[in-house]
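A short worksheet on the structure shown next.
The values are calculated or read from the model by the stated rules, or taken from the named source; none is laboratory data. In this text the structure is predicted, and so the values were computed from the model without any measurement. Reconstructed Cβ throughout: ideal geometry from the backbone, glycine too, with neighbour counts over all protein chains shown.
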Amino acid sequence: MTKRPLLFLALTALLPFPAAQASDTFEQAKIMAGEMLYKQECRRCHAPDTDHASYGPPLENIIGRAAGTYPDYDYSTALEASGIVWTPAALRAWMEDNDGFLPGTKMRHIGIEDRTVQDFILSYLQSITTRDGSQVTE
């Protein structure tokens, strides 16, 4: 299944709801689509939380975390020394071209250039950052 049909299916969940609920429903649809895309694009290496094994560091609570600081993970020197904080903008740049964003990183992947796909993945990452009800600011 390609990415576009997944997005379409998630977004069509909005149709039966009144306008007052549409905003919350749209956010839930974005999170659901983002989770599907995360599983397709990111899960091979990154678990969403510490309950699941992964090659790379888990991404729960990623937004607002300083890069290269997840405990007991062997980061590249470039990432540890970067001073980057994972904001939505930094994560978007990383998804698109991590090696261009930060040369010398160990992570290798084919960039996610589609901004809509990035938006959905970011919605999912925000949802697993704010499980405790805290707010995230850009």
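Of the residues in segment 76-94, how many are part of a helix (DSSP H, G or I) and either touching an Asp or Glu at 6+ places or on another chain (Cβ under 7 Å) or among the aromatic types (Phe, Trp, Tyr) (or both)? I'd like the intermediate steps shown before the answer.
In the first step, residues of segment 76-94 are kept if they are part of a helix (DSSP H, G or I); the result is 77-80, 88-94.
Those left that are additionally either touching an Asp or Glu at 6+ places or on another chain (Cβ under 7 Å) or among the aromatic types (Phe, Trp, Tyr) (or both): 88-89, 94.
Number of matching residues: 3.
Can you name every residue in segment 30-55 that is surrounded by 17 or more Cβ atoms within 10 Å (Cβ to Cβ) and not aliphatic (A, V, I, L, M)?
Result: LYS30, GLY34, GLU35, TYR38, GLU41, CYS42, HIS46, PRO48, SER54.
Of everything in segment 63-121 that's of a type in the set (Lys, Arg) and more than 29 Å from THR25 (Cα to Cα), which residue is surrounded by the fewest Cβ atoms within 10 Å (Cβ to Cβ)? Don't jump to the end; show me each part of the working.
Filtering segment 63-121 for residues of a type in the set (Lys, Arg) gives 65, 92, 106, 108, 115.
With more than 29 Å from THR25 (Cα to Cα) added as a condition, the list becomes 106, 108.
Working: LYS106: 13, ARG108: 8.
The qualifying residue surrounded by the fewest Cβ atoms within 10 Å (Cβ to Cβ) is ARG108.
Here are ARG115, ARG65: which of them is over 17 Å from ILE128 (Cβ atoms), out of contact with any Asp or Glu (no Cβ under 7 Å at 6 or more places or on another chain) and either without any contact (Cβ under 8 Å) to a residue 40 or more places away in the chain or of a type outside the set (D, E, K, R) (or both)? Steps first, answer last, please.
Working: ARG65 fails: over 17 Å from ILE128 (Cβ atoms).
That would be ARG115, the only listed residue that is over 17 Å from ILE128 (Cβ atoms), out of contact with any Asp or Glu (no Cβ under 7 Å at 6 or more places or on another chain) and either without any contact (Cβ under 8 Å) to a residue 40 or more places away in the chain or of a type outside the set (D, E, K, R) (or both).
Right, SER123: closer than 17 Å to GLU41 by Cβ and among the small types (Gly, Ala, Ser) or not?
yes
Only residues that are under 23 Å from GLY34 (Cβ atoms) and either among the charged types (D, E, K, R) or modelled with pLDDT of 95 or more (or both): list them for segment 68-94, please.
Listed by number, the residues that qualify are ILE84, VAL85, TRP86, THR87, PRO88, ALA89, ALA90, LEU91, ARG92, ALA93, TRP94.
For ASP97, are the conditions met, namely being among the charged types (D, E, K, R), over 12 Å from the mean Cα position of the chain (by Cα), assigned to a helix (DSSP H, G or I) and modelled with pLDDT of 90 or more? Steps first, please.
Details: among the charged types (D, E, K, R): yes; over 12 Å from the mean Cα position of the chain (by Cα): yes; assigned to a helix (DSSP H, G or I): yes; modelled with pLDDT of 90 or more: yes.
Taking the combined requirement at face value, the residue satisfies it.
Hey, does segment 41-63 have a residue that's in a helix (DSSP H, G or I) and at pLDDT 90 or above? Please lay out each step first, then the result.
Within segment 41-63, the subset in a helix (DSSP H, G or I) is 41.
With the extra rule that they be at pLDDT 90 or above, the set shrinks to 41.
Among the residues of segment 41-63, at least one is in a helix (DSSP H, G or I) and at pLDDT 90 or above, which makes the answer yes.
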